[in-house]
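Undergrad: First the structure, then my questions, so here it is.
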Amino acid sequence: MLSPYPMFVLVQSGKVVPMVIGIAIAVVCMASFYSVIAGFVSGVFPTRVRYSAISLSYQVCGAIAGGLTPLVGTWLAHRYVGQWWPLAVFYTCLAGVSLLCIVALDARRHQHAHDEATAEALSTR
């Protein structure tokens, strides 16, 4: 959530090495999210619909966020010419939405596990 701030400061320097470091910071932060999300999400859906549910959620989110993010980013860049902070705040807001979704998914995953355990306990009686 905070990676865009040092990234934009370093990129704004106009020097190659700080720019590479700034972009690398952002890429490492994004990669850390992607490295764990597949395993995390696989526990949210029941086995019989898991592949379809993950694919559908990924594709719908990609269509909505992937389509609107460049539009909003372009609008912000034109509205606040030469200023990086609006883009950084937008990036932070997107990361915040992602965090809220992960928290909600985690709660759903725990509820699903509890429901399965309860159903299994009832079926063994």
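Undergrad: Which condition number does Arg48 fail, the rest of (1) surrounded by 10 or more Cβ atoms within 10 Å (Cβ to Cβ); (2) under 22 Å from Arg108 (Cα atoms); (3) over 17 Å from the mean Cα position of the chain (by Cα); (4) not β-branched (Val, Ile, Thr) being met?
TA: The number of the failed condition is (1).
Undergrad: As an exercise: evaluate Thr74 against (1) polar (S, T, N, Q); (2) surrounded by 10 or more Cβ atoms within 10 Å (Cβ to Cβ); (3) under 30 Å from Asp115 (Cα atoms) and give the number of the one condition it does not meet.
TA: All conditions are met except number (3).
Throughout, read-outs are computed from the coordinates displayed, never taken from laboratory work. As the structure is a computational prediction, the values presented were derived from the model and not from experiment. With ideal geometry, Cβ positions are generated from the backbone for all residues, glycine too; neighbour counts draw on all protein chains shown.
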